Amino acid sequence: SIGYEAWLRYPQLAEDKQEAFSRWCGCIVEAETEESEVMAAAASELSRGLGRMLGITTSARSSRDSSGKGCIAIGTFNGGNESIAHVYGDSGVYPNTGAEGFAIRTDAKSGIIAIGAEQPAGVLYGVFHLLRLIATGTAIDELDIVEQPTNAIRMINQWDNIDGSIERGYAGQSIFYDNNEITKDLGRIEDYARLLASTGLNAITINNVNVHRLETYFITDRFLPDIARIAGIFRRYAIKLFLSVNFASPIETGDLKTADPLDADVKAWWKAKADEVYQAIPDFGGFLVKADSENRPGPFTYGRDHADGSNMLAEALLPHGGLVIWRCFVYNCKQDWRDRKTDRARAAYDHFKPLDGRFMDNVILQIKNGPMDFQVREPVSPLFGALPSTNCMIEFQIAQEYTGQARHLCYLVPQWKEVLDFDTYAQGEGSHVKQVVDGSLFGYKHSGFAAVSNIGDDANWTGHPLAQSNLYGYGRLAWNPQLASDAIAEEWTRLTFGSEERVVHTVVGMLMDSWGIYESYTAPLGVGWMVSPNHHYGPDVDGYEYSKWGTYHFSDYKGMGVDRTLATGTGYAGQYREPNASVYGTLESCPDELLLFFHHVPYTHVLHSGKTVIQHIYDTHFEGVERADGLLKRWNELEGQVDAETFKRAADRFAQQAEHAREWRDRINTYYLRKSGIGDALGRTIY
Ligand code: BDP
């Protein structure tokens, strides 16, 4: 179905377009000597794409045929493809593509479009790139492109459980597991691998960071053969497989009494375990670890710290070239809300900053984009820039746990861009988060992007048809963080819905407005949360207010917000470097959208916008509903212009969104009317 093929539909192009492209696509020239699986995947993708878009069958051959038609040559620079050598080699130097990049050049004289790279993976990315150009109607007559990914690790984290459920999954059940077994339906996994590779992603963790009882056995012979088969599928698409592991594995699956990382038996156990895993999967990526967080086991049990814990695993993986990706989402989820110093926002920095420099070279710290937990708006984690001597990567959440759960539209690329463009000032002005996580700022050995996936076994992968844009956009941004949000949105829309200008214009506009719309009717001014506990969908202003999870707004009859200043609050603002620390820590300079994250203010406090806090709450919540209604209206105007099934699925969700936006508005406005006793200046009815 259309939703299933997502952005790899390759719909047939209009005839005039077909002609312009076909003249370059007489055959695919491949060297017989290049027998890699990834090359085979690249070649078959190319012939599939060209076949569908241009209605032609392109056969692969080892040299150009004599039909006079142009051909596409694919291969590594030293792989023995004479056409590649001819197009590139004549100049004496091959373009610098790095390990994963590619070059595409149209050579009119010889009638060849050459897709060359150092490695087969680069060829694969080049093929997807060329197909994308053709699908979006971009001329290919004079190409001369060299691209390299900015980030070395471009990873997806599945939060899938062996019972088939997905933690924070909103698009059905797992495509990997079913009923406590690894699925036999490998075809769907292959299609997923294609989708990921097409955006440039190169790594995947296939199980939940919360490793439960049975998943602990993934690294045993009970599951390793099946996992090796899955690794084999991803390998064809140049994607490395990782596993989440349980820090207490030596106790739970072995016969040790301890998981103490400094214990000799524990070290030996993990070394033997690593050998066993690499025996089954020689190019295994490594372990992802959530330790000492939300009741997961970890080194704290033994009085050890996170450097001790991660280094022990890193030592076991080192002989095999494996990595330990260690999560910084570590905080006390049983804290006492009266104790300011335990502010959850501070936790990651407080835990990890003092350990900088103590981690082995094959450990990478995986840091969530913000200090709390994937809220619609929160500041950037102050850990970025604070760890000059420790490999770091960033973690985003594509799954919209707190941003509408695939029922509301929320295109997250603009949010991620804001995070990446944030200046940490770590090495003076211009030390943006994107330069921290691409490794260039501090010269990290390993670094990059990770994100929690939003796919499940729904026919269209992501539940909401337009939520596919977040998965697509994530991959494109991991490849190149400089790409603009609207450019990515437009690319995705053209690939998915075709190039009817009205459709493109409408969908791109809706995507670009969606984050702001969602923010406007949910928790105000950066304070976050206000969601129903546990499942995190829908409004519940005090849902977490008196619990121990550390997520508060401190609303009383006078005002609201969390005082995180150094002088009178939790001191969180002081974790940033100057000038950020002062900008956030000073009421006058704190940006409106984060005001309540950093300050507790009276409802009558006047924002930079000129409105009082209370009036801002009322206004944005009334507007939010109108704008959510607007999304439904805008989508409905596309009836007949997009396929009927997709139209209907999305229309249902936009109707739900509009309805739920009312619920948010009414709950929040009523709550604050009652708390503050201050009415709406415009006299609107608040229920
Ligand atoms: C939160 C989720 C929880 C995850 C946790 C994590 O609510 O289900 O286990 O993050 O990232 O967002 O470990």
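The values are calculated or read from the model by the stated rules, or taken from the named source; none is laboratory data. None of these values were measured; they are calculated from a predicted model. Quick reminder, even Gly has a Cβ in these numbers, built from the backbone with ideal geometry, and neighbours come from all protein chains shown. Quick note on the areas: whole protein, heavy atoms, side chains included, nothing else; ligands and nucleic acids left out. Shrake-Rupley method; radii C 1.70, N 1.55, O 1.52, S 1.80 Å.
For the reader, a short list of remarks on this structure follows.
- If you go through the range 552-594 and pick out every residue that is in a helix (DSSP H, G or I), among the small types (Gly, Ala, Ser) and in contact with a Leu (Cβ under 7 Å, 6 or more places away or on another chain), you end up with 3.
- Of all the residues in the range 115-142, those that are in a helix (DSSP H, G or I) and without any contact (Cβ under 8 Å) to a residue 40 or more places away in the chain number 2.
- Filtered residues of the range 288-300 (kept if within 18 Å of Thr253 (Cα to Cα) and of a type outside the set (A, V, I, L, M, F, W, C)): Lys290, Arg296, Pro297, Gly298, Pro299
- Exactly one residue among Ala60, Ala40 is closer than 26 Å to Glu100 by Cα, within 34 Å of the chain's Cα centre (by Cα), aliphatic (A, V, I, L, M) and open to solvent by 20 Å² or more (accessible area, probe 1.4 Å), and that residue is Ala40.
- Number of positions in the range 666-682 that are part of a loop (DSSP other than H, G, I, E, B) and under 18 Å from Tyr521 (Cβ atoms): 2
- Of all the residues in the range 282-292, those that are more than 16 Å from the ligand (Cβ to nearest atom) and either crowded, with 23+ Cβ neighbours inside 10 Å or polar (S, T, N, Q) (or both) number 3.
- Residue count for the range 543-561, restricted to those that are within 16 Å of the ligand (Cβ to nearest atom) and either open to solvent by 70 Å² or more (accessible area, probe 1.4 Å) or in contact with a Lys or Arg (Cβ under 9 Å, 6 or more places away or on another chain) (or both): 4
- Applying the condition of being open to solvent by 30 Å² or more (accessible area, probe 1.4 Å) and within 16 Å of the ligand (Cβ to nearest atom) to the range 135-165 and asking which residue is farthest from the chain's Cα centre (by Cα) yields Asp163.
- Residues of the range 366-381 satisfying the condition of being more than 14 Å from the ligand (Cβ to nearest atom) and either open to solvent by less than 10 Å² (accessible area, probe 1.4 Å) or of a type in the set (A, V, I, L, M, F, W, C) (or both): Pro379, Val380
- Taking the numbered list (1) open to solvent by less than 10 Å² (accessible area, probe 1.4 Å); (2) within 16 Å of the ligand (Cβ to nearest atom) in turn, Phe176 passes all entries but (2).
- Only residues that are away from the ligand (no atom under 16 Å from the Cβ), touching a Phe, Trp or Tyr at 6+ places or on another chain (Cβ under 8 Å) and farther than 15 Å from Ile182 by Cβ were counted across the range 202-221, and they come to 1.
- Hits in the range 293-338 (condition: in contact (Cβ under 8 Å) with a residue 40 or more places away in the chain, open to solvent by 10 Å² or more (accessible area, probe 1.4 Å) and within 13 Å of the ligand (Cβ to nearest atom)): Glu294, Arg296, Phe329, Tyr331, Cys333
- Number of the exception - Leu420 against (1) open to solvent by less than 10 Å² (accessible area, probe 1.4 Å); (2) within 16 Å of the ligand (Cβ to nearest atom); (3) touching a residue at least 60 places away in the same chain (Cβ under 8 Å); (4) not aromatic (Phe, Trp, Tyr): (2)
- Looking only at residues in the range 609-631 that are of a type in the set (Ser, Thr, Tyr) and not in a loop (DSSP other than H, G, I, E, B), the one that is surrounded by the fewest Cβ atoms within 10 Å (Cβ to Cβ) is Thr612.
- Restricting Asp361, Asp343, Asp356 to residues that are more than 17 Å from Tyr576 (Cβ to Cβ), open to solvent by 10 Å² or more (accessible area, probe 1.4 Å) and away from the ligand (no atom under 15 Å from the Cβ) narrows the list to Asp361.
The rows are residues; the columns are (1) open to solvent by less than 40 Å² (accessible area, probe 1.4 Å); (2) without any contact (Cβ under 8 Å) to a residue 40 or more places away in the chain.
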residue	(1), (2)
Asp592	yes, no
Lys633	no, yes
Ala644	no, yes
Tyr672	yes, no
Arg684	no, no
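- In the range 13-37, the residues that are open to solvent by 20 Å² or more (accessible area, probe 1.4 Å) and over 16 Å from Leu131 (Cα atoms): Glu15, Asp16, Glu30, Glu32, Thr33, Glu34, Glu35, Ser36, Glu37
- In the condition set (1) away from the ligand (no atom under 16 Å from the Cβ); (2) open to solvent by less than 10 Å² (accessible area, probe 1.4 Å), Gly428 is compliant with all but (2).
- Residues located in the range 528-542, provided they are within 12 Å of the ligand (Cβ to nearest atom) and among the β-branched types (Val, Ile, Thr): Val531
- Unique match (being open to solvent by 40 Å² or more (accessible area, probe 1.4 Å), of a type outside the set (Gly, Ala, Ser), over 15 Å from the mean Cα position of the chain (by Cα) and within 15 Å of the ligand (Cβ to nearest atom)) among His446, His351: His351
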